[in-house]
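Structure first, then comments.
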Amino acid sequence: MNYNLIIADDHKMFIDGLQSILKEAPEFTIATTFKNGAQVVKYLDINGVKDLHLLITDLTMPEVDGIELNSIIKEKYPSLKTLVVSMHIDGGMIDTLIRNNVDGYVPKNAEKDELLEAIRTIVAGEKYFSNEVKRAYTDAMFENKKAEEISLTQREKEVLKLIAEENTTQEIADTLFLSKHTIESYRKNLISKLQVKNLAGLTKHAIKMGLLDS
């Protein structure tokens, strides 16, 4: 079977390198490439996923980053698999991506054999995370479970503080230069982390635990 892939990365050198690697795997075809997530969203909104099987995306891109892009795709086009390939191996970002059903995550310095293994594993219907990514995620989860302590990323604290100040989703998005969709994702993750039911409970619990003090 032939699998059609799309790539989103703002570095042409990476795209060229990936195209070279995939020439060794005739079962994969690169349908098209994009410089950022906004271009991907626009393309899919017009054309749909059709015969597309996998998106390979970077994390740090202008306009729409990889975290937001994965979230949008999993909400609107769940049949399209997503693989993050990034230099950033941060436990908090990995956790956010996993919560939003990313299918895989490997570092950009991975060997070509591992990259091909990740792609093949994902199109076969399974998840793939490199050992480095697994360690970062495990370490982050261990830190999050310290007694009487909930670990939030700096961005989550910023969003939480603005929520507690009764800002709307749009106002928070404008303040942090992010999209409403990204803020909504942060809000859902905060509610999950603090184990509350709504924004009122979120603010009350955050104040009680002193999470707004820093």
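The values are calculated or read from the model by the stated rules, or taken from the named source; none is laboratory data. Worth saying up front: this structure is predicted, and the values here are computed from it rather than measured. Cβ atoms come from the backbone with ideal geometry, glycine included; neighbour counts cover every protein chain shown. Remember, those area values only see protein heavy atoms, side chains included, never the ligands or the DNA or RNA. Shrake-Rupley method; radii C 1.70, N 1.55, O 1.52, S 1.80 Å.
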In the stretch 29-81, anything of a type in the set (D, E, K, R) and over 22 Å from Ala124 (Cα atoms) is listed as Lys35, Lys42, Asp45, Glu63, Asp65, Glu68
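Give the number of residues within the stretch 98-115 that are farther than 14 Å from Ser71 by Cα and of a type in the set (Lys, Arg).
Of the residues in the stretch 98-115, the ones farther than 14 Å from Ser71 by Cα are 105-115.
Add one more test, that the residue is of a type in the set (Lys, Arg), and what stays is 108, 112.
Final tally of qualifying residues: 2.
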If we keep only residues of the stretch 74-117 that are among the aliphatic types (A, V, I, L, M) and within 10 Å of the chain's Cα centre (by Cα), then the residue surrounded by the fewest Cβ atoms within 10 Å (Cβ to Cβ) is Ile98
Only one of (1) touching a helix residue (DSSP H, G or I) at 6+ places or on another chain (Cβ under 6 Å); (2) closer than 21 Å to Tyr3 by Cβ does not apply to Glu68, and that is (2)
Practice task
Within the stretch 20-40, identify whether any single residue is open to solvent by less than 40 Å² (accessible area, probe 1.4 Å), touching a Gly at 6+ places or on another chain (Cβ under 9 Å) and not in a loop (DSSP other than H, G, I, E, B), and answer yes or no.
Solution key: yes
